[in-house]
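> Handing you a structure now.
The values are calculated or read from the model by the stated rules, or taken from the named source; none is laboratory data. Predicted model, so just to flag it, every value in this text is computed and none were measured. In this analysis, Cβ positions are derived from the backbone assuming ideal geometry, glycine residues included, and neighbour counts consider all displayed protein chains. Quick note on the areas: whole protein, heavy atoms, side chains included, nothing else; ligands and nucleic acids left out. Shrake-Rupley method; radii C 1.70, N 1.55, O 1.52, S 1.80 Å.
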Amino acid sequence: MFVDYLIPILAGILGLVLLCVPQQFVVVLVVALGIFLILSGFYILFKLLPLSDDTFYKVNIYVRGGLSIILGALCIFLPIKMGVAIWTTLCIVLGIFALLAAVSEILTIIKLKEQNIPVKQYVTEMAGMIITAIVLFLLPKFGNILLRIAGGVILVTAIILAINVKKNAPIVEEDAEVVDEE
């Protein structure tokens, strides 16, 4: 029964954190983004590099993977050490990187299509990079507002989820014993 409430509870906690302490959440989010960028960089270097022997493709993959690892390391260490100015700069740099990665992804898609390799996953990744860039460009100016709105939405969603879990809980039937009172 508790497991059914786990997602609403976690969503509620996330919503409250976003509502109450958005700045600290941003630091955690940036560090998590840094970890993702580092892992993504290694994935790009080790999984995408062998897909083509084209020199331009390989240079593109080396640059994208290497920049991803470097920016990931910056995301992990700078927010912990620096203040708001570096945060704004980091968002802009990461936004530019996301746009450049989307352009690089287009070039990758073209090269992979030429070799008849399925590209649906890479198209999705490209769209995600563009959305990420837009969010990163908006964060320095509207970050607290966006995070508080997201926190409120997540909190309301968590409450609705908890209500639905309660409403849809299975009815527990137990065997009843009938006792004659004679």
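> Among the listed residues Gly65, Gly143, Gly151, which satisfies the condition of being modelled with pLDDT under 85 and touching a helix residue (DSSP H, G or I) at 6+ places or on another chain (Cβ under 6 Å)?
Checking each option against the conditions leaves just Gly151.
> Any idea which of (1) at pLDDT below 85; (2) open to solvent by less than 70 Å² (accessible area, probe 1.4 Å) is the one Met1 doesn't satisfy?
(2)
> Please work out if Phe142 is under 30 Å from Leu14 (Cα atoms), touching a Gly at 6+ places or on another chain (Cβ under 9 Å) and open to solvent by 40 Å² or more (accessible area, probe 1.4 Å).
Answer is no for this residue.
> Of the numbered conditions (1) touching a Ser or Thr at 6+ places or on another chain (Cβ under 9 Å); (2) over 30 Å from Leu161 (Cβ atoms); (3) outside any loop (DSSP other than H, G, I, E, B), Ala11 satisfies every one except a single condition; which is it?
Failed condition: (2).
> So in region 21-60, with the set limited to residues that are within 13 Å of the chain's Cα centre (by Cα) and among the small types (Gly, Ala, Ser), which one is modelled with the highest pLDDT?
Ser40
> With Ile131, Ile106 as the choices, which residue is open to solvent by 80 Å² or more (accessible area, probe 1.4 Å), at pLDDT 85 or above and within 26 Å of Ser68 (Cα to Cα)?
Among Ile131, Ile106, only Ile131 is open to solvent by 80 Å² or more (accessible area, probe 1.4 Å), at pLDDT 85 or above and within 26 Å of Ser68 (Cα to Cα).
This table checks each residue for (1) farther than 17 Å from Ile109 by Cα; (2) open to solvent by less than 20 Å² (accessible area, probe 1.4 Å); (3) in a helix (DSSP H, G or I); (4) not acidic (Asp, Glu).
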| site | (1), (2), (3), (4) |
| --- | --- |
| Leu6 | yes, no, yes, yes |
| Leu18 | yes, yes, yes, yes |
| Val27 | yes, no, yes, yes |
| Val30 | yes, yes, yes, yes |
| Leu33 | yes, no, yes, yes |
| Leu37 | yes, yes, yes, yes |
| Leu48 | no, yes, yes, yes |
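> What residue, of Val153, Val178, is assigned to a loop (DSSP other than H, G, I, E, B) and hydrophobic (A, V, I, L, M, F, W, C)?
Exactly one of Val153, Val178 is assigned to a loop (DSSP other than H, G, I, E, B) and hydrophobic (A, V, I, L, M, F, W, C), namely Val178.
> Quick check: is even one residue across region 86-98 open to solvent by 90 Å² or more (accessible area, probe 1.4 Å) and assigned to a helix (DSSP H, G or I)? If you could, list the steps in order and put the result at the bottom.
Applying the first criterion (open to solvent by 90 Å² or more (accessible area, probe 1.4 Å)) to region 86-98 yields none.
Within region 86-98 (the criterion being open to solvent by 90 Å² or more (accessible area, probe 1.4 Å) and assigned to a helix (DSSP H, G or I)), the answer is no, since none of the residues qualifies.
> Could you check region 50-68 and list, in sequence order, the residues that are surrounded by fewer than 19 Cβ atoms within 10 Å (Cβ to Cβ) and of a type outside the set (D, E, K, R)?
First, pick out the residues of region 50-68 that are surrounded by fewer than 19 Cβ atoms within 10 Å (Cβ to Cβ): 50-56, 58-59, 62-63, 66-67.
Correct list: Pro50, Leu51, Ser52, Thr55, Phe56, Val59, Tyr62, Val63, Gly66, Leu67.
> Within region 21-38, restricting attention to residues that are without any contact (Cβ under 8 Å) to a residue 40 or more places away in the chain, among the aliphatic types (A, V, I, L, M) and out of contact with any Gly (no Cβ under 6 Å at 6 or more places or on another chain), which residue is farthest from Cys91 (Cα to Cα)?
So, considering only residues that are without any contact (Cβ under 8 Å) to a residue 40 or more places away in the chain, among the aliphatic types (A, V, I, L, M) and out of contact with any Gly (no Cβ under 6 Å at 6 or more places or on another chain), the one farthest from Cys91 (Cα to Cα) is Val21.
> Could you list all residues from region 103-125 that are within 12 Å of Leu48 (Cβ to Cβ) and touching a residue at least 60 places away in the same chain (Cβ under 8 Å)?
Thr108, Leu112, Ile117
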